[in-house]
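Right, one structure below, let's go through it.
Values in this text are rule-based calculations from the coordinates and carry no lab data. Keep in mind the model is a prediction, meaning the values are calculated, not measured. Counting neighbours? That spans all protein chains shown, and the Cβs are built from the backbone with ideal geometry, glycine included.
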Amino acid sequence: MHPAVTVFCKEVRENLRDRRTVMNALLRGPLLAPVLFLVMFNLQISAQLKGADQPLPVPVVGAAYAPHLVAALAQMGMVAQPPPKDPGAAVRSQLDTVVLVIPHGYPSHWDRGETAGVRLVYDSSRRSSDQAAQRLRLMLKRYALTIGAQRMLARGLSPAVDLPLVAEDRDQATPRSRGAVLFSILPYFIVLTAFLGGMYLAIDTTAGERERQSLEPLLANPVPRWTVLLGKWSATTLFALVSLALGVIGFAVAGRYMDVRRLNMVIDLGVHFFAITLLLMLPLVLLLTCLQTLVSAFARSYREALTYLSLLMFIPVLPSLLLMVIPVKSHTWMYAVPLLGQQLGIMRLLRGGTPGVIDIAVCLLGSLLAAALAFAVSLRVYASERLAVSA
Amino acid sequence: MIEVENLRKSFGAVKAVDGVSFAARDGEITGLLGPNGAGKTTTLRMLYTLMKPDQGTVRVDGIDAVADPLAVRRRLGVLPDARGLYKRLSARENIAYFGHLHQLDDETLRTRSDALIDALEMRDIADRRAEGFSQGERVKTAIARALVHDPRNLILDEPTNGLDVMATRSLREFLFRLRAEGRCVLFSSHIMQEVVALCDRVVVIARGRVVADAPPQTLRERTGAASLEDAFVEIIRQSESAAA
């Protein structure tokens, strides 16, 4: 048996016996992301669906000045409530989302056919208040348009006079691509799962081994350092990959419990998605575990390694954030950038397409190259004298 | 047989080892004696090729340690100052790990581990996980795994550190057995009594230099001191006044 295989087997066996590692890498890590995602998603769905078909309770000040208006709004779904003493305070203290104020001058303006005003008291910095105000504004607009058209007709004019232009929306989004927008954070969760899967082994096999004073005896064996590194890194990578596979399966299962059709969206986390995601992620996992090993080799203790790696964990979120803030058109070269390439590829899959063969090849090559570089640097660190010497 | 010639190693401005030469012969126990910080551990680390000397040569059974570190490590059994075990593995699995790294076949590995487990009287802990081992049990396991490949030469860095009287005594007897088998045993210590009780030859190191190299008896005679402890103190004092 090659010594690298010996090291690999020993690390796998030893870490499988560690409950904390198994729980974190193979259970908590892969489950956390899909469950978190499922909860987030369902909260969002219920918030969005709540908007349209539910009655909108609105306290109305001065309802007596405009009974016709209040009746029309009630038909559109508003439920008039008794007015609070101070509408501003009621909204600020979140007692009410929006308050409709009809001034006492309303009837006289209305009767003379002039523009009558009402006030909406709301707080745009609160989402529920803003949404309620938007719904109410839409109802008021519809009412105003209907009455306007009636008045035009009464004066013998066509309502079209007041409507010289109409813009018609032709949204090219498909149910799939709409789903993809909602799922744009998914690639980060996938990377995170792989990261968490490898993290504990990377620390345990390097910083942990040194802290427990077993690295020096290990390196006194007639085995070149690169062999030791290869064995430890392979074990770390295995855990990361298993964690990743479990995570992707978790997402596939979670996808079944997400009622996206209610939002007129489609999301397909099936075998096709599964296979290509794993392919794109493979070189990235190699790179991540290499970086984790490298960072752990630098750290003086388990705790220090854990701190560094927790910081490193935030790097994978950057492409997700970047693409959210600056939506760029994807170019083939971008696939060569590790993390960005995977992000673009997974997004493409979510939108219902498949990344081109060249894009996939560029992505794999770019990430592999980065992984090879990271491995070379790790090797240098591993060969240094200070690696083995504990404190 | 371990031969060391004019070994030097600095860490920054600190000369940890400053021209150490000595030889540890087969069938003898050689003691590396010196106060804390004298350069014993650094010297040993260069012997088992964990560190590269800045200058000088190390030869184990005639093989140069810088030119062929792997061959040297194959001929050495090492108990370093750091002697951590894998706590989630049993004593036997700890030994087998090192045996596999030496690429022993299963049959040889089993015979060797059984022999060592018997010789070190650790049958009752052999299949227990190393978690919760006493200091003595840990040292025994660490020695067994260092000897699993049946090396001709043995390097032990302060092997009795933290051991109680009984454990020290049985370790001593075990080292005599190794000597009787014709092996070369080199160990470091800062405890005089231990060196007297064990060594055929004492190499005294202070401030990174060899200040004496002789059998314990000769050392005593040369300094005119009654005990080795007095001899040791005398030698260290002389070397310090020479340096000043």
Summed residue charge, Cβ within 12 Å of residue A:92's Cβ, Lys/Arg positive, Asp/Glu negative: -2
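Determine the relative contact order of segment A:149-308: mean sequence separation of Cα pairs under 8 Å and six or more apart, normalised by residue count, in whole percent.
After rounding, I find 35 percent.
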Label point distance in nm, residue B:123-residue A:272, each placed 7 Å from Cα along Cα→Cβ: 6.7
Which chymotrypsin sites (Phe, Trp or Tyr not before Pro) does segment A:58-152 hold that lie in a coil by DSSP with at most 14 other beta carbons within 10 Å? none
Reachable aspartates and glutamates from residue A:329, criterion Cα separation under 20 angstrom, eight or more residues apart if same chain: A:171, A:359
Placing each pseudo-label 7 Å from Cα in the direction of the beta carbon, residue A:225 and residue B:217 end up separated by a distance in nanometres of 4.6
With springs only between Cα atoms under 10 Å, which of B:202, B:78, B:20 fluctuates most in a Gaussian network model of chain B? B:20
So which residue, out of B:149, B:100, B:190, gets the largest mean-square fluctuation from a GNM of chain B using Cα contacts under 10 Å as springs? B:100
Note, ³J(HN,Hα) from phi for segment A:370-385, Karplus 6.51, -1.76, 1.60, rounded to Hz, x at Gly and Pro: 4, 5, 4, 4, 4, 5, 4, 5, 4, 4, 4, 4, 5, 7, 6, 5
Excluding same-chain residues fewer than 8 positions from residue A:10, which aspartates and glutamates have a Cα within less than 12 Å of its Cα? B:93
Run a plain Debye calculation on segment B:1-158 (Cα atoms as equal point scatterers, no solvent) and give log10 I(q)/I(0) at q = 0.13, 0.17 Å⁻¹, rounded to two decimals, same order as the q list. -0.65, -1.01
Tell me which trypsin sites (Lys or Arg not before Pro) from segment A:22-115 have a DSSP coil assignment and no more than 14 other beta carbons within 10 Å of their own. A:85, A:112
Could you bin all the Cα-Cα distances of segment A:313-391 into 5 Å bins starting at 0 and give me the percent of pairs in each, rounded to whole numbers? 3, 14, 18, 19, 14, 10, 7, 6, 5, 3, 1
What net charge is computed for the residues neighbouring residue B:72, neighbours being all others with C-beta under 11 Å from the C-beta of residue B:72, Lys and Arg scored +1, Asp and Glu -1? +1
Long-range tail of P(r) for chain A (Cα pairs > 41 Å, %): 39
State which entries of B:87/B:140; B:52/B:87; A:85/A:141; B:40/B:140 exceed 19 angstrom in Cα-Cα distance in the structure shown. B:52/B:87; A:85/A:141; B:40/B:140
Gyration tensor on Cα atoms of segment A:8-156, a ≥ b ≥ c root eigenvalues, a/c under 1.5 rounded, else prolate if a/b beats b/c, else oblate, says prolate
Specify the angular offset, from 0 to 90 degrees and rounded to the nearest 10, of the alpha carbon long axis of helix A:225-256 from the longest principal axis of the alpha carbons in chain A. 30
Only helices counted: for chain A, with every DSSP H run of 4 or more residues adding -39500 (n - 2.57) and the sum spread over all residues, [θ] at 222 nm is -20000 deg cm²/dmol
Would you calculate the separation in nanometres between label points at residue A:54 and residue A:264, each defined as 7 Å from the Cα along the Cα-to-beta-carbon direction? 2.1
Can you give me the relative contact order of segment A:16-102 as a percent, contacts being Cα pairs under 8 Å and 6 or more apart? 29
Quick one: Karplus J couplings for segment A:148-157, per residue in order, coefficients 6.51, -1.76, 1.60, θ = phi - 60°, nearest Hz, x for Gly and Pro? x, 4, 4, 5, 4, 4, 5, 8, x, 10
Helix A:302-312 versus the longest principal axis of chain A: what angle, 0 to 90°, nearest 10, using Cα atoms? 40
Length-normalised contact order for segment A:269-344 - Cα pairs under 8 Å, 6+ apart - percent: 28
For residue A:298 and residue A:383, calculate 0.36 nm times their separation in residues minus their Cα-Cα distance, and state this gained length in nm to one decimal. 29.4 nm
Residue among A:347, A:23, A:199 with the largest mean-square fluctuation in a Gaussian network model of chain A, springs linking Cα atoms under 10 Å: A:23
Of all chymotrypsin sites (Phe, Trp or Tyr not before Pro) in segment A:293-328, which ones are in loop regions per DSSP and have a Cβ with at most 12 other Cβ atoms within 10 Å? A:314
Virtual paramagnetic centre 7 Å along Cα→Cβ of residue A:365, amide N under 13 Å, in segment A:335-358: A:335-337, A:357-358
Phi angles of segment B:117-124, converted by Karplus (6.51 cos²θ - 1.76 cosθ + 1.60, θ = phi - 60°) into ³J(HN,Hα) in whole Hz with x for Gly and Pro, give 4, 5, 4, 8, 6, 10, 4, 6
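Return the FRET efficiency for the residue pair residue A:311, residue A:115: r is the Cβ-Cβ distance, R0 is 56 Å, and the value is rounded to the nearest 0.05.
The value I calculate is 0.45.
How big is D, in µm² s⁻¹, for segment A:259-310 by Stokes-Einstein at 25 °C and 0.890 mPa s if Rh is the Kirkwood radius over C-alpha pairs?
For these conditions, the coefficient is 176 µm²/s.
What does the charge count around residue B:55 come to, taking other residues whose C-beta lies under 9 Å from its C-beta (Lys +1, Arg +1, Asp -1, Glu -1)? Before the final figure, lay out the partial values.
Numbers: positive: B:8, B:9; negative: B:54.
It works out to a net charge of +1.
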Nonlocal amide H pairs with residue B:162, under 5 Å, H built at 1.01 Å: none
